[in-house]
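Below you'll find the structure, written out as structure tokens, and then a few comments.
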Amino acid sequence: MYDIPFLDLPPLRIAAGAVRLPGSKSISNRVLLLAGLAEGQTLVHDLLDSDDTRVMLAALRALGCTLQDGPGGSLRVTGIGGRLAVHDAALFLGNAGTAMRPLAAALAVLVALQGGRFELSGVPRMHERPIGDLVDALRQLGCGIDYLGAEGYPPLRLNGTAGGTLHTGREIRVRGDVSSQFLTALLLALPLASAAAPVVIAVDGELISKPYVEITLNLLQRFGIPVQREGFERFTIPQGSVYRSPGNIHVEADASSASYFIALGAIAASEAPVRIEGVGPDSIQGDIRFAEAAQAMGALIEGSPGRLTIRRGAWPLRAITLDCNHIPDAAMTLAVMALYAEGTTRLSNIASWRVKETDRIAAMAAELRKLGATVIEGADFIEVTPPAALADWQHAAIHTYDDHRIAMCLSLAAFNPARLPVRILDPKCVAKTFPDYFEALFSVTRAESQDIPVITIDGPTASGKGTLAASVAARLGWHQLDSGLLYRATALAAQRRGVAGDDEAALSRLAASLTLRFDGERVLLGDEDVAAELRMEPVGAMASRIAALPGVRAALNALQLSFRRLPGLVADGRDMGTVIFPAAALKVFLTASPAMRAERRHKQLISKGIPANIADLRADLEARDARDKSRLVAPLQPAEDALLLDNSGLSIDESVDQVLQWWAQRNLLE
């Protein structure tokens with residue numbers, strides 16, 4: 001996950017390959033609650049690991065459920081069997097509507113019958129998301145619920161006295177035109193109130209997001225509760241309903257998340273298909289019908305159980321007019337596909353967007369306009385017309401409003417025909433449902449090499465370029481190439497095999513055959529972590545000598561270029577800006593006095609328990625500087641357009657800030 005302030009997406013061109021999606025959020029949290037209310041153990045497979053499921057899991061633990069790791073990454077949930085083990089708790093539920101609404105209903109019923117006191121709260125946005133219709137329905141039963149903030153919104157206090165009763169003799173009425181989660185919450189919770197009589201729920205108004213209610217009914221059936229229904233107007237929970245664990249249950253991959261990769265295939269799978277693993281036409285999730293909308297816009301889609309294959313068909317895409325009540329979450333992706341359509345796309349019956357993680361109609365309108373689209377919004381619709389000409393596309397920094405779906409669907413704007421980069425602010429918000437979304441996106445997309453941004457940081461030995469490069473790369477979410485380690489790895493391999501430091505032919509063959517991988521702080525030569533050995537002084541001294549050999553430098557050239565991967569690269573060395581990446585977007589030449597560099601190297605070695613003498617280190621550094629500057633091939637010198645940074649008196653954070661400031665000045669997305 002990119003836990004950074006922003007992520008710059010370079011212009012993306014082609015999509016192809018396979019992606020396995022995480023488990024469905026909607027299914028995961030419903031299954032967790034049902035397993036927590038059931039008696040006995042439920043083994044849950046393929047559970048989504050995200051912010052929303054974590055708050056549900058934390059709540060279940062607080063309520064006395066036992067959660068244990070099961071085989072194959074599964075989770076074993078031991079439920080409370082409909083009996084409160086804890087009667088007083090404060091539960092923080094983040095911004096998870098699939099946790100707040102069902103837990104509020106279940107706990108309200110339980111404390112009304114068994115006694116207790118619970119407080120439910122979330123992030124500030126959760127306290128702006130309506131819950132009043134659900135509370136009104138629960139109060140009809142006789143549940144004690146108090147608002148701790150604004151009327152009709154969380155946080156809530158739930159109160160009850162042991163031995164209480166509920167008014168189940170009359171039907172419970174709930175509005176269906178604001179959020180289907182209110183009905184889902186009642187359906188999940190009211191089996192707890194069915195001991196004396198059936199419980200009838202009647203829906204007022206036109207129910208929105210019907211497919212999510214279908215998921216709820218399907219899962220209740222799996223847990224032994226066959227709800228009787230009259231369309232979407234009336235639901236009856238049988239008398240004496242009891243949650244019965246199915247033993248094992250598998251969570252489908254998330255169909256809403258599939259929409260981004262279906263759209264990706266429709267936009268960019270022009271050479272080979274995009275394949276989605278884990279969800280297919282047999283899905284119980286309503287958002288799988290997004291595929292039908294994508295086909296209407298021109299996508300070529302083939303489906304089989306648990307799998308979808310998507311290719312680009314019509315191009316440009318076809319504009320559509322669609323009632324999106326059946327795919328409310330996935331419909332956001334259609335608004336971004338509209339950027340690549342001919343004509344105006346109108347999406348209607350999406351009033352529920354306004355009460356989600358943010359006001360999604362307003363947010364999507366604002367961000368699409370930034371990109372150059374013409375957008376008209378209404379209470380329950382949005383119309384999107386793409387930029388009229390190539391010159392009308394705009395650089396944009398996408399504000400994500402702490403809304404995972406805004407970040408994911410608008411990332412597809414990086415395929416814009418103007419080949420403009422797109423900045424995603426607060427990319428970590430995708431952790432709500434798909435923590436590794438951007439990694440998955442990059443795994444199935446390609447960009448032209450020249451479009452992948454590179455920052456080079458060159459400088460003499462011990463100038464701190466490696467530390468600076470690693471820090472800049474971490475701040476940007478980019479890859480790092482420490483080119484010095486490639487020469488050190490060649491030197492280490494030569495020492496181990498007894499290859500002389502002046503045998504250019506043998507050293508070149510050795511460099512060309514290196515199997516070197518970087519894994520966090522580990523440097524793997526073959527399967528061995530040699531990070532510590534590469535920092536030894538004898539290895540460094542030999543690396544400096546063999547770096548002057550033209551054959552060795554040529555052998556390592558292709559390996560260095562291969563590090564240029566999405567979303568970007570920070571490369572440090574001695575000739576990154578002059579030889580390897582001469583067209584880099586930003587070149588930095590780092591300097592520090594020999595005395596300062598010797599002091600830094602001395603501290604570094606001493607901290608690792610390696611004896612060292614400052615005077616000897618300084619003499620060695622000055623000798624290396626002379627050798628590096630005087631070599632015939634790629635001598636150490638700043639690129640003509642490099643920016644000089646003397647960090648003798650700067651902290652690492654100050655140096656990083658300076659490089660990022662320079663990058664912002666070069667990048668129009670700031």
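The values are calculated or read from the model by the stated rules, or taken from the named source; none is laboratory data. Computed from a predicted structure; not experimentally measured. Cβ: placed from backbone, ideal geometry, glycine included. Neighbour counts: every protein chain shown. Please note that ligands, DNA and RNA were not included when accessible areas were found on the heavy atoms of the full protein model with its side chains. Shrake-Rupley method; radii C 1.70, N 1.55, O 1.52, S 1.80 Å.
I'm trying to understand the selection: among the residues of the range 439-450, which are in contact with a Pro (Cβ under 8 Å, 6 or more places away or on another chain) and loosely packed, with under 15 Cβ neighbours inside 10 Å?
Selection gives Glu448 alone.
Right, Leu412: open to solvent by 30 Å² or more (accessible area, probe 1.4 Å) and over 29 Å from Glu640 (Cβ atoms) or not?
The answer is no for Leu412.
Inspect the range 304-313 for any residue being in contact with a strand residue (DSSP E or B) (Cβ under 9 Å, 6 or more places away or on another chain), open to solvent by less than 30 Å² (accessible area, probe 1.4 Å) and part of a loop (DSSP other than H, G, I, E, B) and give the result as yes or no.
yes
Could you tell me which of the residues Ile131, Ile201 is farther than 26 Å from Gly81 by Cα and surrounded by 15 or more Cβ atoms within 10 Å (Cβ to Cβ)?
Answer to the selection: Ile131.
Checking the conditions here, which among Leu300, Leu317 is open to solvent by less than 40 Å² (accessible area, probe 1.4 Å), of a type in the set (A, V, I, L, M, F, W, C) and at pLDDT 95 or above?
Within the list Leu300, Leu317, the selection yields Leu317.
Yes or no: Pro226 within 23 Å of the chain's Cα centre (by Cα) and surrounded by fewer than 22 Cβ atoms within 10 Å (Cβ to Cβ)?
no
With respect to the numbered conditions (1) within 24 Å of Leu514 (Cα to Cα); (2) surrounded by 17 or more Cβ atoms within 10 Å (Cβ to Cβ), which one is the sole condition not fulfilled by Ala554?
It fails just one condition, (2).
Residues in the range 531-556 that are touching a Leu at 6+ places or on another chain (Cβ under 6 Å) and either among the basic types (Lys, Arg) or in a loop (DSSP other than H, G, I, E, B) (or both): how many?
Number satisfying all stated conditions: 0.
Test Ala196 against the stated conditions and say whether it is open to solvent by 70 Å² or more (accessible area, probe 1.4 Å), among the small types (Gly, Ala, Ser) and farther than 20 Å from Ala38 by Cβ.
Here the answer is yes, as Ala196 does meet what is asked.
Each row is one residue, and each column tells you yes or no for (1) of a type outside the set (A, V, I, L, M, F, W, C); (2) in contact (Cβ under 8 Å) with a residue 60 or more places away in the chain; (3) touching a Cys at 6+ places or on another chain (Cβ under 9 Å).
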| position | (1), (2), (3) |
| --- | --- |
| Ala584 | no, yes, no |
| Lys587 | yes, yes, no |
| Ile610 | no, yes, no |
| Asn613 | yes, no, no |
| Leu645 | no, no, no |
| Asp657 | yes, no, no |
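Only one of (1) surrounded by 21 or more Cβ atoms within 10 Å (Cβ to Cβ); (2) under 36 Å from the mean Cα position of the chain (by Cα) fails for Phe235. Which number is that?
(2)
Which condition from (1) open to solvent by less than 30 Å² (accessible area, probe 1.4 Å); (2) part of a strand (DSSP E or B) is the one that Arg275 breaks?
Every listed condition holds for Arg275 apart from (1).
Might you check whether a residue that is crowded, with 19+ Cβ neighbours inside 10 Å and within 18 Å of Gly484 (Cβ to Cβ) occurs anywhere in the range 609-616?
No, because not a single residue in the range 609-616 is crowded, with 19+ Cβ neighbours inside 10 Å and within 18 Å of Gly484 (Cβ to Cβ).
Does the range 141-151 include one or more residues that are loosely packed, with under 15 Cβ neighbours inside 10 Å, touching a strand residue (DSSP E or B) at 6+ places or on another chain (Cβ under 8 Å) and either among the charged types (D, E, K, R) or at negative phi (or both)?
yes
Please work out which one of (1) touching a Lys or Arg at 6+ places or on another chain (Cβ under 6 Å); (2) assigned to a helix (DSSP H, G or I); (3) of a type in the set (Gly, Ala, Ser) is the condition Gly501 fails and give its number.
If we test Gly501 against (1) touching a Lys or Arg at 6+ places or on another chain (Cβ under 6 Å); (2) assigned to a helix (DSSP H, G or I); (3) of a type in the set (Gly, Ala, Ser), just (2) comes out false.
Given the structure, is Leu524 open to solvent by less than 20 Å² (accessible area, probe 1.4 Å) and not in a helix (DSSP H, G or I)?
So Leu524 passes the test.
On the given criteria, is Ala18 in contact (Cβ under 8 Å) with a residue 60 or more places away in the chain, assigned to a strand (DSSP E or B) and open to solvent by 30 Å² or more (accessible area, probe 1.4 Å)?
Yes, satisfied.
Considering only residues of the range 210-223 that are surrounded by fewer than 21 Cβ atoms within 10 Å (Cβ to Cβ) and among the polar types (S, T, N, Q), which is nearest to Gly79 (Cα to Cα)?
Gln221
How many residues does the range 579-602 contain that are surrounded by fewer than 22 Cβ atoms within 10 Å (Cβ to Cβ) and touching an Asp or Glu at 6+ places or on another chain (Cβ under 7 Å)?
Of the residues in the range 579-602, 2 are surrounded by fewer than 22 Cβ atoms within 10 Å (Cβ to Cβ) and touching an Asp or Glu at 6+ places or on another chain (Cβ under 7 Å).
Do we find a residue being farther than 15 Å from Val336 by Cβ, hydroxyl-bearing (Ser, Thr, Tyr) and crowded, with 18+ Cβ neighbours inside 10 Å anywhere in the range 415-438?
For the range 415-438, residues farther than 15 Å from Val336 by Cβ, hydroxyl-bearing (Ser, Thr, Tyr) and crowded, with 18+ Cβ neighbours inside 10 Å: present.
Within the range 336-358, how many residues are without any contact (Cβ under 8 Å) to a residue 60 or more places away in the chain, touching a Phe, Trp or Tyr at 6+ places or on another chain (Cβ under 8 Å) and part of a loop (DSSP other than H, G, I, E, B)?
1
Hey, could you check the range 365-409 for residues that are out of contact with any Asp or Glu (no Cβ under 8 Å at 6 or more places or on another chain) and under 24 Å from Leu21 (Cα atoms) and say which is surrounded by the fewest Cβ atoms within 10 Å (Cβ to Cβ)?
Ranking the candidates gives Cys409 first.
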